[in-house]
Structures are given as structure tokens and as C-alpha cells.
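Peer 1: Attaching a single structure in C-alpha cells format; questions to follow.
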Amino acid sequence: MSVKLTGRIASTPSRLLHDEVLEPQFKYEVDHLLPGYIQIEFAMLLEYVRMGLITRQDALPIAQALQAATPETIAPDPGQNMSDISFALERYIEGLLPRPVPCWHMDRSRNDVQACAQVMFGRAQWLEMTGELGQLIQSMDKLAVQYRSVPMPGYTHYQSAQLITPGFYLSSINNEFLQALNRWIQIYDDMNQCPLGAGAMAGVELPWDRQRLSKLLGFRQPRMSALSAVASREWVLRMAGELSTFSVLISRFTTDLIQWGSSEMNFLQLPDELSGISSAMPQKRNFPILERIRGKSAHLTGFYMDMVLAQRNTAFTNLVETSKEAGTHLLSLFQQTKTLLRLLKAVIDHLQFNQDRLLHICKRDFFGGFTLANLLTLEHEIPYRTAQVIAGRYIVRALEHGVSPEPGDPRLLYEACAEAGFQVPDTASLLAASFDVQGGLYAKKSTGSTNPEDVHHMLTAQREHAEKLQREWQDRQGQLQAIEERRERVMKRLLSGKQGKDVSVDAV
């Protein structure tokens, strides 16, 4: 049975096209974009009223029908609505009207409406993810504070290198998270532009007030170019690209946790509820949640590449290829990111560092070699490169003789200095100052160092930054919520039949 939606097509979509493409797309949009479509319809209805094209009397049943539209009442039907959500919503509302409203849906296109509904869905998801990241940042800060003075080995080139603390390490990761949070808020602001009024690609003919439409739907401004409004899905690529970059940080962070949780290192522990077992080896205690996190982080880059390739070599205009196919995995991108953030927060909330094990390694390895070379130069005027060679020779000989870093062997250091032509009488005090583990943490004087006092200052600054960004995120959440509440009030006033200016966009 043919439908009267156009004069160019005389038959309905084929069963193959319906089953494989149109119906799955319809179900996705009903499940996730229908609220946006309904809000858009209401906003444009108010504009028809403002322009004098639809009377308040005719607008009332349309508004009532919009309120009745739900995922249960909107269904794909090739014969009635071409299995398209815009046509389905239009047909559903028409079927509830007591009489036709001639101007309703005139001078409009699906293109800008669809683009607008997609942006509304994307910004809501992005705000939700931004909130999840903010919670993770708070958990990281709490753990970093707890361990800011606990010595642990730091590694370069996968070899133990210098004394650090878990708090120093975690504050460094958290700084990266804060930079990401700042970018995420900026991305939200950049994408939050309203496509409505662009029409199919070149604008529309009625005097639609795009500023008012934008305001009513919670956008900060209309999208300036009509063509860009319907052709560009750059916001999708920015989101996916940012999450792909973010996933690299998550992967590197999790790699450290995986290594530190190995039986050889035994730097950290997770509770039983976040641990796993072996079916064959009863002695094993595994942390598969960390593997899950790192594994899921890889999906984000995969989704990004899919979206990039799907948009690449497409014309800069409205296309199903870019507007729908290129966003096939957008929901999965959001869901995987939220799952990743929640899993990682659970790890951070329950992670404990094995302080005795960390201290044992710090006392075992010769981390003070760097300090020893500096002291030989500062206190005995030995040229630095020579001092570095002396420190290296001392460490080699200490290892050969089974001497521990603390208290060390003053005689071996004295001999190494003498061989280089320097008489250093107080080698015992040099070794004590160089290889004192706790003192080594406080020896660093530069800002941003592992010195626990400096870590304290960093954490304080990060907390202030996080609170500022949290307020910005809450402001944006609050703005959308306020707009939603005001729009509901306008809808109720329209449905109640009250007279006056209160059903115009000015009321919102």
C-alpha cells in the first residue's frame, strides 16, 4: 500500500530495506532520540503560533498529542510512515487531531530536525560522562592524599629509577584527568549550537526566530551556517577523538596498576569483590577488572576510527551516510566510556598500596645515587660528571660486596673517590644523607616534584581547579534542567487554555 508522503515515490520501502536498515534505525531513534524530537516539535509549534500561522485553538490539540507520544505509541510502518521517526510522529499526531491544521509542518525539513535531535542526545550523554569523570577525579584526589608521604619506587625504561610516592603518581594522573575535564566542557560548549532553521541545507522561507528556538531548546546560540547545520557532524568526531585520546591515558595508567599488582611486584591489593581466581591454580589471585578496563579503552579508538572513515570522502551536505551510518556506534562509544569510568572509579575507591613492600624495595635499591653525585659536587667540588662516575662505581662495588644502600660502606666510597683523585673524609655522612629513603622524598626542591609538601600543594591546587570545573558542569546541567522545567510550564499553560503572552518563547 502506497503512502501519501510524496509525489515522487509510489511504493513503500522493500521488506529487505525495512528489516535490515529502517526498522533498526527507527527503534534506536525511538529509544534514544524521541524526547528530543518531541521537544523540537513543541518549540516549532510555539513558533507557528508566534508567526500567526496556527491559532492557539489549533495548537492545543497538537500539544496534547505531543504529550501522548511515547515509544509505545510510535511504531515503524512502511505503509504509513516509511518507517521514519519524523513521518511516524507527524502521522501519529495528525491522527489525534479533530481537524487538519494546514500550516503545521510547512516550511520545514527533516534534515535540521534530525540534526538537532542528534545534538540534543549527544550533549546529554556528554554531560553525563563529564559528571562521571568529575567523580573519578574526586576519588583519585582522596587516594592521592592518603598516600602522598609513602615512599615507592619510580621507574624509567622499566627499571627502578627514583623515589616517588603513590600520591605523587596519582596526582600526576589526576592532573591529566583535570585537563581532559576542561576540554570536555569546552567541547560541550562548542557543540551546543542549534541547527533548527537550516531547513534542508539552504535555510527556510518563513521568518522563524532561530534565537528563540535555540533558547527554548537549551542551546547557547543557533548554528550560523544553514549548510553546516545539516552537513557537519564534526561534533561527533571531536567527541570520539577526545575519548580516543583519553583512552590512551587510561590504558597507560591501567598498565601500571596491572604491573604493580603482579605477584612479583605486589605493590597493591584490591578486595575480593574486585578480584578473580584461577580455575586450575588455587594459589593465584587475579585482578581481571584491570584487564577489562584496559581492554575496553581500546574500543574507544576503534569507534573513533569507524566514525572518521565513515565521514571521510562524503560530500559536505546532508547525507544519510554521515548523519546516521557514521554515527552507528555513537551510543556504544558513550556506554563504553561510562562503563570504563565507573569501573576505574571502583578500583580507585578500593585500592590499597602495600606500604611495607614498597618500603622494602626503596631500601633495597640504590635510589640515592643521584643525590650522592650531587653532594660530591656541592660539598667537595668534584666536577659533576666525575662525581657521577664515582657514585656509579661505588654502587657497583657495594652490590658486589652485598652491601645494602643504608647504612652502606663508607670505605668503598672513600676508595672510589681516591681513585678519581679526591680525598673525601666524611663518606659515612654522605651515604647517610644520600640513601635515607624518607629524606630522599623531601630532598626534591622544584615545584611539581615528589616532595610530599609539594604534592600537598599540587593536590590543593588541583582540588580548587576541580571544584571550579565542577561548578561549570553543574551550571550547564542546571541550565538544561531549568529550560526543561520552563518548557513544561509553557506546555501546561497552553494545555490549560490560558490567554496571554505566556505561551510564547519569551516565557521561556
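Peer 1: Considering the options T339, H350, T317, tell which one lies farthest towards the positive end of the dipole of the range 302-351, charges being +1 on Lys and Arg and -1 on Asp and Glu at the Cβ, about the Cα centre.
Peer 2: Of the listed residues, the answer is H350.
Peer 1: Which is the longest part of the chain that has none of the GluC sites (Glu not before Pro) sitting in a DSSP loop with at most 16 other Cβ atoms within 10 Å? The partial results should precede the final answer.
Peer 2: Numbers: sites that count: E72, E205, E264, E381.
Longest gap between qualifying sites, sites excluded: 73-204.
Peer 1: If you don't mind, another one. So what is the accessible area of the range 204-300 per residue, in Å², with the probe set to 1.4 Å?
Peer 2: Details: 4790 Å² over 97 residues.
Using a 1.4 Å probe on heavy atoms only, each residue of the range 204-300 averages 49 Å².
Peer 1: Rank Q179, G203, Y169 by how far each Cα sits towards the positive end of the charge dipole of the range 140-205 (+1 on Lys, Arg Cβ; -1 on Asp, Glu Cβ) and give me just the farthest.
Peer 2: Positive-end residue among those listed: Y169.
Peer 1: Let me ask something additional. Where in the range 107-144 does the amide nitrogen come within less than 18 Å of the point 7 Å from the Cα of E467, taken along Cα to Cβ?
Peer 2: The answer is 134-144.
Peer 1: Testing the spin-label approximation: label points 7 Å from Cα along Cα→Cβ at T328 and A202. State their distance in nm.
Peer 2: Here the answer is 3.3 nm between the modelled labels.
Peer 1: Using every Cα-Cα pair within the chain, state what percent have a distance larger than 45 Å. Before the final figure, lay out each step's value.
Peer 2: Numbers: 46825 of 128778 pairs.
In whole percent, the share of Cα-Cα pairs in the chain beyond 45 Å is 36.
Peer 1: Can you tell me, using C-alpha contacts under 8 Å and at least 6 residues apart, the relative contact order of the chain as a whole percent? Mind showing how you got there, number by number?
Peer 2: Numbers: 656 pairs, mean separation 83.8, N = 508.
Averaging sequence separation for qualifying contacts and normalising by length gives 16 percent for the chain.
Peer 1: May I pose another question? With r defined as the distance between the Cβ atoms of R56 and K338 and R0 fixed at 51 Å, what FRET efficiency is calculated, to the nearest 0.05? Walk me through the numbers before you get to the answer.
Peer 2: On the way: r = 42 Å, r/R0 = 0.83.
For R0 = 51 Å, the calculated efficiency reads 0.75.
Peer 1: So, one more: Restricting to DSSP H runs of at least four residues, report the calculated mean residue ellipticity at 222 nm for the chain, -39500 (n - 2.57) per run over all residues, nearest 500 deg cm²/dmol.
Peer 2: Values: 20 runs with 316 residues, N = 508.
Helices in the chain give a 222 nm mean residue ellipticity of -20500 deg cm²/dmol.
Peer 1: Turning to a different aspect of this structure: Taking every pair of alpha-carbon atoms in the range 388-488, give the share separated by more than 22 Å as a whole percent.
Peer 2: Roughly 58 percent, rounded to a whole number.
Peer 1: Express as a percent, rounded to the nearest 5, the fraction of DSSP beta bridges in the chain (both residues included) that run antiparallel.
Peer 2: If we restrict to bridges inside the chain, about 80 percent are antiparallel.
Peer 1: I've got another one for you. Count the net charge of all other residues whose Cβ sits under 11 Å from the Cβ of P78, scoring Lys and Arg as +1 and Asp and Glu as -1. Provide the component values of the computation, followed by the final result.
Peer 2: On the way: positive: R15; negative: D19, E23, D77, D84.
Local net charge: -3.
Peer 1: Let me ask you something else. Size of the range 175-275 along its principal axes in angstrom, Cα-based, largest extent first?
Peer 2: The principal-axis extents, from largest down, are 72, 25, 23 Å.
Peer 1: Mind checking the dipole of the chain: about its Cα centre, +1 per Lys or Arg Cβ, -1 per Asp or Glu Cβ, Debye to the nearest 20? Let's see the in-between values first.
Peer 2: Values: 52 positive and 56 negative charges, 226 e Å.
The calculation lands at about 1080 debye.
Peer 1: What number do you get for the range 235-303 when its Cα radius of gyration is normalised by 2.2 N^0.38 Å, N = residues? List each step's numbers first, then the result.
Peer 2: Values: Rg = 14.9 Å, N = 69, 2.2 N^0.38 = 11.0 Å.
Compactness ratio reported: 1.36.
Peer 1: Principal axis lengths of the range 286-369 from Cα atoms, whole Å, largest first?
Peer 2: 65, 31, 18
Peer 1: Once you put a point 7 Å from the Cα of H157 and another 7 Å from the Cα of H380, both along the Cβ direction, what distance in nm separates them?
Peer 2: 2.6 nm
The values are calculated or read from the model by the stated rules, or taken from the named source; none is laboratory data. Just so it is clear, the model here is predicted, and its values are computed rather than measured. Virtual Cβ from ideal backbone geometry, glycine too; neighbours counted across all protein chains shown. Only protein heavy atoms, including side chains, enter the accessible area calculation; ligands, DNA and RNA are left aside. Shrake-Rupley method; radii C 1.70, N 1.55, O 1.52, S 1.80 Å.
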